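Right, one structure below, let's go through it.
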Amino acid sequence: MLAGALRADSLVLLTNVPAFLRHFPDESTLIPHLEARSIGRLVELCRGRMKKKVLGASEALEHGVGRVIFADGRVAEPVQRALAGHWHSDF
């Protein structure tokens, strides 16, 4: 809700994996781009805290955020890397 209220162009959600994985914890199953209309199906794939992140992404998009990026928080400068398109999934 905060990102929407601030009229953010992008929201970066940092994770402890490279980004959204189709088959957690297999990092080779990274999904680079996600469609907002598929959020219901994605929630079913999620485990643990990722489910909360996906629901938060959905809420941000509903409140006008232009895109949501799931990014690897384990790397140096994760926000800058995510915004530059390195190792992430986005809606």
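The C-beta contact set for the stretch 36-61 (first residue farther than 14 Å from Leu13 by Cβ and modelled with pLDDT under 90, second residue surrounded by 13 or more Cβ atoms within 10 Å (Cβ to Cβ) and among the basic types (Lys, Arg), distance under 7 angstrom, 6+ apart or interchain) comprises Val43/Lys51. Considering the stretch 11-57, the residues that are in a helix (DSSP H, G or I) and within 18 Å of His86 (Cα to Cα) include one that is least open to solvent (accessible area, probe 1.4 Å), namely Thr29.
In the stretch 2-26, how many are at pLDDT below 85 and more than 15 Å from the chain's Cα centre (by Cα)? Give the steps one after another, and end with the answer.
Initially, the stretch 2-26 is screened for residues at pLDDT below 85, giving 17-25.
Next, from what is left, pick out any that are more than 15 Å from the chain's Cα centre (by Cα): 23, 25.
Matching residues across the stretch 2-26 total 2.
The values are calculated or read from the model by the stated rules, or taken from the named source; none is laboratory data. No experiment lies behind these values; they were computed from the predicted model shown. Neighbour counts are summed over all protein chains in view; Cβ atoms, including those assigned to glycine, are modelled from backbone coordinates with ideal geometry. Heavy atoms of the whole protein, side chains included, go into the accessibility calculation; ligands, DNA and RNA do not. Shrake-Rupley method; radii C 1.70, N 1.55, O 1.52, S 1.80 Å.
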